[in-house]
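The values are calculated or read from the model by the stated rules, or taken from the named source; none is laboratory data. What you see is a predicted model, and the numbers here were worked out from it, not measured in a lab. So basically every Cβ, Gly included, is an ideal-geometry build from the backbone, and we count neighbours across all protein chains shown.
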Amino acid sequence: MALLVVFSFSCSTEDGEDGPIGPAGTNGTNGTNGQDGNANVQTFIYDFSAKSGSSVSQAIPELTTDVLTNDVVLTYISASDVYYQVPNIMNPSGTTIFVRNFSETGNMNFRFSLASDNTSYSLPEGTIDELKVIIIESSSITTTGRTISGKQQIYNELNQAGVDINDYHAVCDYYGIAY
């Protein structure tokens, strides 16, 4: 009980004096610059291993009318660790096929045909591993009195940087996208 009495009388409710001001911290402008981000680039990966037939589709909600009209949409399929930009000719299982894609709001459709005579080809299940879609947001700019479409601006930028858009890894490296 005596301990309780000592504690209740030894504390004051008044605020004490402020201590000395400490040293200033590092100014943010003196810090190390980080790597630039790519908030305008989105990547979507879909499992295609169960897809089969001469025509397949994939729901992609991000393919809005605005995206399809204004932005760059790069499409790649992988088969046995080889990436093909679509449309393209590929030979994943000994048969040379032509792959076409048609995009519409919310969906991407694929058609397969023999490269030799363009007849419909029924893709066996497991031929394609993944579908990878890269959407690069664009904006229109005006230079020397003329407006360049956002899509064209992106294609020009990639071309000037020496990036081959047919090369999935080159595009990923340029934008800092993980494989």
As an exercise: evaluate Tyr179 against (1) assigned to a helix (DSSP H, G or I); (2) modelled with pLDDT under 95 and give the number of the one condition it does not meet. (1)
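Going by what's in this entry, would Asn156 be described as within 16 Å of Asn40 (Cβ to Cβ), without any contact (Cβ under 8 Å) to a residue 12 or more places away in the chain and surrounded by fewer than 17 Cβ atoms within 10 Å (Cβ to Cβ)? Quick ask: steps written out before the conclusion?
Values: within 16 Å of Asn40 (Cβ to Cβ): yes; without any contact (Cβ under 8 Å) to a residue 12 or more places away in the chain: yes; surrounded by fewer than 17 Cβ atoms within 10 Å (Cβ to Cβ): yes.
Yes; evaluated as a whole, the condition is true for this residue.
Given the condition of a type in the set (Phe, Trp, Tyr), exposed (fewer than 13 other Cβ atoms within 10 Å of the Cβ) and assigned to a strand (DSSP E or B), answer yes or no: does some residue in the range 89-108 qualify? Give the derivation first.
If we filter the range 89-108 for residues that are of a type in the set (Phe, Trp, Tyr), which is where we start, we get 98, 102.
With the extra rule that they be exposed (fewer than 13 other Cβ atoms within 10 Å of the Cβ), the set shrinks to 102.
Then drop every residue that is not assigned to a strand (DSSP E or B), which leaves 102.
Yes - at least one qualifying residue is present in the range 89-108.
Among the residues of the range 103-125, write down those that are within 22 Å of Ile60 (Cβ to Cβ) and at pLDDT below 95.
Pass one, the range 103-125, residues within 22 Å of Ile60 (Cβ to Cβ): 103-112, 123, 125.
Of everything in the range 103-125, just one residue is within 22 Å of Ile60 (Cβ to Cβ) and at pLDDT below 95, namely Leu123.
Pick out the one residue from Thr119, Thr65 that is exposed (fewer than 13 other Cβ atoms within 10 Å of the Cβ) and under 27 Å from Glu157 (Cα atoms).
Numbers: Thr119 fails: under 27 Å from Glu157 (Cα atoms).
Sole residue among the options that is exposed (fewer than 13 other Cβ atoms within 10 Å of the Cβ) and under 27 Å from Glu157 (Cα atoms): Thr65.
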